[in-house]
Amino acid sequence: MSYLDRVRTCALFDPADYRPFRVDGIEVGLVSHDFAAVLAPMTDVFSVGVDTVALAAELPTDSDARTRAVNAALKPLAEQGLLHGWRDEDYVVAVKPGAPALFRMERAAVPKFGLIAAGIHVNGIVRSGDGLKMWVGRRALDKATSPGKLDQLVGGGQHAGASVFETLLKESAEEADINADLAGRAMPVGAITYRTEREEGLRRDVLYVFDLELPPDFTPRNTDGEISEFYLWPIEQVIETVRETDAFKFNCALVVIDFLIRHGLIGPAEPDYLDLVHGLRSLHTGVEVPQ
């Protein structure tokens with residue numbers, strides 16, 4: 001195994017297997033041909049054509065009305081086992097994070113529509129006479145995605161109506177019992193993007209990454225049941241684990257690799273260095289650089 005194997009895991013995608021999902025004529029997602037067939041009978045909510053999926057023309061243009069209609073149509077799919085991990089938690093449907101919301105959709109359905117979703121990940125680090133260490137969490141076995149895999153100290157999705165900073169504070173409190181004053185010291189250090197096929201659907205994600213230096217006497221405590229235990233590992237153990245195994249959740253491995261690059265622990269001498277740097281930001285988010 002290698003670092004590049006971890007990046008390639010987040011780049012599994014064949015465009016031929018998908019068709020655009022459009023709202024008001026704007027492409028906001030990608031739907032597999034198989035799932036489009038599931039949606040086809042729902043003619044009062046979805047319009048499924050030969051090469052596209054859209055909202056039905058008869059639906060109101062009001063965002064809240066669309067949200068209610070779409071979620072009501074999709075809820076039976078969860079009851080049939082076609083959508084996993086229904087949370088009654090909405091994500092924004094938009095061209096990219098920060099763009100105007102067209103409507104909202106239940107989180108569990110987002111990968112089925114290939115929507116771009118955002119979240120935050122926090123590297124919790126400790127510097128002492130023993131060298132650099134990183135807090136690592138193990139995901140609970142009842143998690144809907146990647147149960148039992150290793151994770152960052154804090155990580156979570158950005159639900160509708162919450163800013164990135166609000167998400168940081170919320171997830172820090174819930175996942176590691178970090179108070180707002182301490183969590184507010186987390187430094188934003190960039191974003192990771194990827195597009196990959198998973199069991200739950202097509203993940204097109206933007207991860208806002210933060211580094212948070214913690215005092216040596218800090219001990220995290222999970223309060224929402226999503227993390228079963230925490231470990232404070234020497235950075236050498238983190239490096240070996242992410243390089244030699246798939247113990248980290250697929251996207252958490254990318255966050256670790258990004259940390260190692262930014263802190264000079266993976267450098268240009270690494271044979272796959274440029275592939276790693278490019279692979280950490282592989283999803284086009286609609287941002288155009290002025291000429």
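Some points to look at:
- Evaluation of L83 against the conditions (1) open to solvent by 20 Å² or more (accessible area, probe 1.4 Å); (2) of a type outside the set (K, R); (3) closer than 23 Å to A37 by Cα shows that the sole unmet condition is (1).
- Failed item, numbered, when G131 is tested on (1) touching a Pro at 6+ places or on another chain (Cβ under 7 Å); (2) closer than 28 Å to R19 by Cα: (2)
- Subset of region 94-113 [under 15 Å from the mean Cα position of the chain (by Cα) and under 19 Å from G156 (Cβ atoms)]: P97, E106, R107, A108, A109, V110, P111
- Residue check for A101: over 30 Å from F210 (Cα atoms), open to solvent by 40 Å² or more (accessible area, probe 1.4 Å) and either touching a strand residue (DSSP E or B) at 6+ places or on another chain (Cβ under 9 Å) or not in a loop (DSSP other than H, G, I, E, B) (or both): no
- Among (1) crowded, with 19+ Cβ neighbours inside 10 Å; (2) under 16 Å from the mean Cα position of the chain (by Cα); (3) among the charged types (D, E, K, R) - the single one R66 does not satisfy: (2)
- Region 141-151 - residue that is touching a helix residue (DSSP H, G or I) at 6+ places or on another chain (Cβ under 9 Å) and small (G, A, S) and, of those, least open to solvent (accessible area, probe 1.4 Å): S146
- Residue list for region 6-16, restricted to those being under 12 Å from G114 (Cβ atoms) and either among the aliphatic types (A, V, I, L, M) or free of Cβ contacts under 8 Å to residues at least 24 places away in the same chain (or both): P15
- Residue list for region 184-202, filter: in contact (Cβ under 8 Å) with a residue 60 or more places away in the chain and either under 19 Å from T285 (Cα atoms) or polar (S, T, N, Q) (or both): V189, G190, A191, I192, T193, Y194, R195, T196, E197, G201, L202
- Residues in region 152-168 that are touching a helix residue (DSSP H, G or I) at 6+ places or on another chain (Cβ under 9 Å) and under 20 Å from A183 (Cα atoms): Q152, L153, V154, G155, G156, G157, Q158, H159, A162, L168.
- Residue count for region 31-63, restricted to those that are open to solvent by 70 Å² or more (accessible area, probe 1.4 Å), of a type outside the set (G, A, S) and free of Cβ contacts under 8 Å to residues at least 12 places away in the same chain: 4
- Residue satisfying all of: in region 105-140; more than 25 Å from R195 (Cα to Cα) and assigned to a loop (DSSP other than H, G, I, E, B); most open to solvent (accessible area, probe 1.4 Å) among these: D130
- The number of residues in region 169-219 that are within 15 Å of H121 (Cα to Cα), open to solvent by less than 60 Å² (accessible area, probe 1.4 Å), assigned to a loop (DSSP other than H, G, I, E, B) and not hydrophobic (A, V, I, L, M, F, W, C) comes to 1.
The values are calculated or read from the model by the stated rules, or taken from the named source; none is laboratory data. Source: prediction; values computed, not measured. With ideal geometry, Cβ positions are generated from the backbone for all residues, glycine too; neighbour counts draw on all protein chains shown. All accessible areas refer to the heavy atoms of the entire protein, side chains included, with ligands and DNA or RNA removed. Shrake-Rupley method; radii C 1.70, N 1.55, O 1.52, S 1.80 Å.
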